[in-house]
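Colleague: Below you'll find the structure I mean.
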């Protein structure tokens with residue numbers, strides 16, 4: 001059974017440095033699990049690993065999008081699996097590092113990313129009464145023509161369910177069903193969670209924001225705006241949205257800095273809440289690399 005290592009934790013905890021150390025120790029290559037680092041040119045605001053370290057340790061799923069295409073968990077899962085298979089084929093270990101918690105989860109659970117809320121189903125029933133079942137079927141035929149052919153002309157229940165899946169997940173039903181099982185199902189995961197004292201975490205976040213501003217975040221956003229519209233997905237992410245607000249004259253720089261720090265702290269809290277729900281993560285102090293290495297060695301030694 002092939003092994004995948006995950007390095008998880010909130011923003012500012014030091015995941016990248018631990019991942020580099022683990023990669024050196026265990027002959028690993030790193031797969032980025034970051035929903036913004038996939039975009040080329042968005043470097044400072046995402047705190048991308050330096051080219052020097054990327055030359056030393058191969059990194060995957062960084063700078064793979066050059067336009068404003070929307071990236072999502074489905075695309076990540078496909079690309080991460082392809083990268084992992086190539087890494088394993090070279091006799092190395094896939095190591096996943098990044099702060100997009102959903103990406104880590106779908107590697108293990110797969111994607112069936114829609115909630116079964118009754119509100120959407122009730123809305124579809126109301127639409128059927130208003131515009132007719134044929135109109136709903138035409139909607140599905142536009143969204144997923146292959147799946148629409150599988151539903152009988154009088155099968156209203158499956159028709160509603162198919163549209164419900166699409167509206168809740170944004171995925172055509174065929175793709176949603178395909179992703180119910182993760183392609184990594186036959187892989188063994190070693191999940192390493194990093195934690196630090198909350199006060200130290202917040203200090204790290206503040207220093208990180210100051211470093212990004214000192215390294216030219218404002219100029220980076222100005223340069224990106226020359227080739228990307230403000231509606232481009234990464235401009236909605238931490239750091240970029242606040243600097244956009246500053247450049248529009250909606251706030252001053254000091255306020256923008258405070259907002260990035262505040263929003264980053266809030267994001268870290270949400271990440272920790274998410275990761276705490278995952279019961280198979282082994283938690284370590286971020287600075288305790290020796291304990292992390294020992295745990296990974298022990299796990300690898302047990303591998304069938």
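The values are calculated or read from the model by the stated rules, or taken from the named source; none is laboratory data. Note that this is a predicted model, so its numbers are computed, not measured. Here Cβ is always computed from backbone atoms with ideal geometry, including for glycine, and neighbour counts include all displayed protein chains.
Colleague: Is it fair to say residue 257 is without any contact (Cβ under 8 Å) to a residue 12 or more places away in the chain and under 21 Å from residue 201 (Cα atoms)? Quick ask: steps written out before the conclusion?
Modeller: Numbers: without any contact (Cβ under 8 Å) to a residue 12 or more places away in the chain: no; under 21 Å from residue 201 (Cα atoms): yes.
For residue 257, the condition - without any contact (Cβ under 8 Å) to a residue 12 or more places away in the chain and under 21 Å from residue 201 (Cα atoms) - is not met.
Colleague: Still on this structure, please answer the following. Pick from 146, 159, 163: which is part of a helix (DSSP H, G or I), surrounded by fewer than 19 Cβ atoms within 10 Å (Cβ to Cβ) and at pLDDT 85 or above? Steps first, answer last, please.
Modeller: Values: 159 fails: surrounded by fewer than 19 Cβ atoms within 10 Å (Cβ to Cβ); 163 fails: surrounded by fewer than 19 Cβ atoms within 10 Å (Cβ to Cβ).
The conditions single out 146.
Colleague: Quick check: is even one residue across the range 28-37 in a helix (DSSP H, G or I) and either modelled with pLDDT of 95 or more or surrounded by fewer than 21 Cβ atoms within 10 Å (Cβ to Cβ) (or both)? Break it down into steps so the answer makes sense when it comes.
Modeller: Of the range 28-37, the ones in a helix (DSSP H, G or I) are none.
Scanning the range 28-37 turns up no residue that is in a helix (DSSP H, G or I) and either modelled with pLDDT of 95 or more or surrounded by fewer than 21 Cβ atoms within 10 Å (Cβ to Cβ) (or both).
Colleague: Filter the range 1-27 down to residues that are in contact with a helix residue (DSSP H, G or I) (Cβ under 7 Å, 6 or more places away or on another chain) and part of a loop (DSSP other than H, G, I, E, B) and give me whichever is surrounded by the fewest Cβ atoms within 10 Å (Cβ to Cβ).
Modeller: Filtering first and then ranking leaves 2.
Colleague: Only one of (1) in contact (Cβ under 8 Å) with a residue 40 or more places away in the chain; (2) outside the structural domain of residue 273 (by TED's automatic domain parsing); (3) in a helix (DSSP H, G or I) is not met by residue 209, so which one is it?
Modeller: Only one criterion in (1) in contact (Cβ under 8 Å) with a residue 40 or more places away in the chain; (2) outside the structural domain of residue 273 (by TED's automatic domain parsing); (3) in a helix (DSSP H, G or I) is unmet by residue 209, namely (2).
Colleague: Farther than 30 Å from residue 2 by Cβ, in the same structural domain as residue 296 (by TED's automatic domain parsing), loosely packed, with under 13 Cβ neighbours inside 10 Å and in contact (Cβ under 8 Å) with a residue 40 or more places away in the chain: does that describe residue 223? Walk me through how you get there before you give the answer.
Modeller: Details: farther than 30 Å from residue 2 by Cβ: yes; in the same structural domain as residue 296 (by TED's automatic domain parsing): yes; loosely packed, with under 13 Cβ neighbours inside 10 Å: yes; in contact (Cβ under 8 Å) with a residue 40 or more places away in the chain: yes.
It is true that residue 223 is farther than 30 Å from residue 2 by Cβ, in the same structural domain as residue 296 (by TED's automatic domain parsing), loosely packed, with under 13 Cβ neighbours inside 10 Å and in contact (Cβ under 8 Å) with a residue 40 or more places away in the chain.
Colleague: Further question: From 243, 190, 218, which residue is closer than 20 Å to residue 284 by Cα, at pLDDT 95 or above and touching a helix residue (DSSP H, G or I) at 6+ places or on another chain (Cβ under 7 Å)? So that I can check it myself, show each step before the final result.
Modeller: On the way: 243 fails: closer than 20 Å to residue 284 by Cα; 218 fails: closer than 20 Å to residue 284 by Cα.
Result: 190 is the single residue among 243, 190, 218 that is closer than 20 Å to residue 284 by Cα, at pLDDT 95 or above and touching a helix residue (DSSP H, G or I) at 6+ places or on another chain (Cβ under 7 Å).
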